[in-house]
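This report concerns only the one structure given below.
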Ligand SMILES: [Zn+2]
């Protein structure tokens with residue numbers, strides 16, 4: 001087990017967070033349940049599902065409900081974290097960023113993970129949260145492959161749908177009118193439509209279509225910059241010719257003006273003759 005990344009990350013002893021030297025490749029988390037994706041799924045569940053359920057009067061969740069975020073396998077560790085600076089609430093060590101604190105929690109405080117905890121990352125497909133970075137999720141989506149609706153892709157989606165359906169049944173018991181209504185509403189939205197391969201393909205195509213104007217705009221800006229650059233190059237190359245031409249034009253104009261000024265005198269002389 002490599003412990004040096006934790007050793008270096010802990011401050012103030014040997015950490016060097018402000019060094020200008022390139023950072024070595026960081027050690028990634030190794031737990032099979034992605035902590036980052038779980039965090040993102042939790043945000044989506046609280047925003048999209050739990051808040052609407054709370055507004056409908058559902059305040060307490062059945063014990064087996066996996067969407068009850070207190071069942072999250074990382075719930076206790078996340079609660080123990082202190083932010084700005086990042087401090088382990090268990091032992092008090094300080095870290096340069098969230099990643100190294102997560103690494104520390106994984107290595108040193110694994111006993112805080114409950115044996116029967118829920119891996120919220122398992123539901124990322126339903127909530128469109130399988131990216132580990134919410135900020136770059138949309139940006140990456142532009143490069144994402146078209147959803148695979150062949151046999152293998154459908155098999156993966158079927159598994160996600162079964163898991164989603166099972167969770168909805170446990171969270172919204174059918175023996176109560178209000179929870180039965182919430183079950184129908186949420187299972188349709190998150191387990192049926194969100195995991196329908198054709199719908200996902202249509203959304204992907206729509207997203208690509210929305211991304212097109214930006215691409216066109218960038219091409220247009222590129223062409224405009226090239227045009228300006230060509231004009232500047234031509235101007236520099238033919239600067240002498242342009243100056244000479246301008247001076248010549250000015251001289252000709254002055255000569256013409258002189259001729260015009262002389263013309264009345266000439267007319268008078270002609271008359272005297
Ligand atoms: Zn600690």
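The values are calculated or read from the model by the stated rules, or taken from the named source; none is laboratory data. Bear in mind the structure is a predicted one, so any value in this text is a computation, not a measurement. Note: ideal-geometry Cβ built from the backbone for every residue, glycine included; neighbour counts use all protein chains shown.
Residues considered: 116, 84, 92, 128. Of these, the only one that is in a loop (DSSP other than H, G, I, E, B) and within 24 Å of residue 200 (Cβ to Cβ) is 128. Being over 24 Å from the mean Cα position of the chain (by Cα), at pLDDT below 80, in a helix (DSSP H, G or I) and loosely packed, with under 10 Cβ neighbours inside 10 Å holds for only one residue in 255, 249, 265, and it is 265. How many residues does the range 104-113 contain that are away from the ligand (no atom under 11 Å from the Cβ) and either assigned to a loop (DSSP other than H, G, I, E, B) or surrounded by 16 or more Cβ atoms within 10 Å (Cβ to Cβ) (or both)? The total comes to 1. Of everything in the range 160-189 that is in a loop (DSSP other than H, G, I, E, B) and touching a helix residue (DSSP H, G or I) at 6+ places or on another chain (Cβ under 7 Å), the residue that is nearest to residue 126 (Cα to Cα) is 172. When each of 44, 2 is tested for being surrounded by fewer than 16 Cβ atoms within 10 Å (Cβ to Cβ) and at pLDDT below 95, the lone residue that passes is 2. Within the range 88-103, identify whether any single residue is under 21 Å from residue 166 (Cα atoms) and surrounded by 17 or more Cβ atoms within 10 Å (Cβ to Cβ), and answer yes or no. Taking every residue of the range 88-103 in turn, none turns out to be under 21 Å from residue 166 (Cα atoms) and surrounded by 17 or more Cβ atoms within 10 Å (Cβ to Cβ). If you go through the range 59-81 and keep only what is without any contact (Cβ under 8 Å) to a residue 40 or more places away in the chain, within 15 Å of the ligand (Cβ to nearest atom) and part of a loop (DSSP other than H, G, I, E, B), you end up with just 81.
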